[in-house]
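The next block holds one structure in the form of structure tokens; read it before the comments.
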Amino acid sequence: MSSKKYNKTLIIGATSGIGVAFAAKLVSVGTKVVITGRRVDRLDAFVAQHGEENASAIPLDVTQLDKIPSFASKIAQQHPDIDSIVFNSGIQRSYNFAKPETVDLAHVNEEVTTNYTSYIHLTVALLPLLQKQPLQTNMVYISATLGLCPGLIHTANYNATKGALHNFLLCLREQLQQDQNNNVKVVEVFPPAVQTELHDERFQPNLKNGRDIGMPLGAYTAAMYAGLEKGDDEVYIGPGAEAAQNGFEAQRQQAFRAMLPQVEEMLKKFLK
């Protein structure tokens, strides 16, 4: 992840956790950042800390899907030189679907919108900006190993949103690569559990001391930056990374790529 590739980065969801830590890391290596989030006080504090010459902020609530087109227009007008976008917004809630009476469907919908649907809307709205740039650009999506193997069953809906995101990104990457002039690289990052407010009791009442769960945020941020510097399409971090990358997920993606020409041939006489 050289500064030549990441001169100015838009980070969606940068008021806490991975988002704000990674924004600070980018500033420290000379990348200008544009950060977004719902908590305006935290956005303002980040800009004040790092300086307006290095950081700017635009408030955004990703659950308000109808506001995303105007947000994208504002980004294009105020920051036409953005060459990378990090999609990081996310929430994680615990549910016991075996006890339906305990499930708050409004929370389920909010989680799906935050973790998946908003990513689709943001991709559609912001991709044209990157496609206009003269050099390679990057779209970096913060996914989760739980989207590959849903081993934490009390976060079933979270796991499903990350699984959906992963499948979407596999297809998006293939679609973009069909254009020989494509300048947009799609990168998916698979974090382990990281010590952030994602595990707070207000989101997961069945947990205590949730911010002590997982990899320290500083160590994760350094690993993510180092992983992105390598230039791979996928960045696996932390416990289980090797098993996922070179084990079951490698086999699944081999099957995916083998299936692509087979399906194309099968549908050849049906496609317009």
Give the range of the longest stretch in the chain that excludes all GluC sites (Glu not before Pro) found in loop regions by DSSP and having at most 10 other beta-carbon atoms within 10 Å. 54-272
Computed, not fitted: 222 nm per-residue ellipticity of the chain from DSSP H runs ≥ 4 (each -39500 (n - 2.57)), nearest 500, equal to -13000 deg cm²/dmol
Using bins 5 angstrom wide from zero, how does P(r) for the range 42-135 break down, in % of all Cα pairs? 2, 11, 17, 18, 17, 13, 8, 5, 4, 2, 0
Would you please put 79-92, 151-164 in order of how densely packed they are, using the mean number of other Cβ atoms within 10 angstrom per residue and starting with the highest? 79-92, 151-164
Please get the size of the charge dipole for the range 1-136, origin at its Cα centre, with Cβ charges of +1 on Lys and Arg and -1 on Asp and Glu, quoted in debye to the nearest 20. 400 debye
Over 25 Å between alpha carbons, listed pairs Lys162/Lys185; Lys8/Lys230; Lys162/Lys269; Lys8/Lys74; Lys5/Lys25; Lys5/Lys132: Lys162/Lys269
Would you list the P(r) distribution for the range 8-239, with all Cα-Cα distances sorted into 5 Å bins from 0 and each bin expressed as a whole %? 1, 6, 14, 19, 21, 18, 12, 6, 2, 1, 0
From the residues Ile153, Gln49, Ala23, which one has its Cα farthest along the dipole of the chain in the positive direction, the dipole being from +1 and -1 charges on Cβ of Lys/Arg and Asp/Glu about the Cα centre? Ala23
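Only the coordinates and a few stated rules stand behind these numbers; no lab work does. Please read all numbers here as calculations on a predicted model, not as lab measurements. Methodologically, a virtual Cβ is constructed for each residue, glycine included, from the backbone with ideal geometry; neighbour enumeration extends over all protein chains shown.
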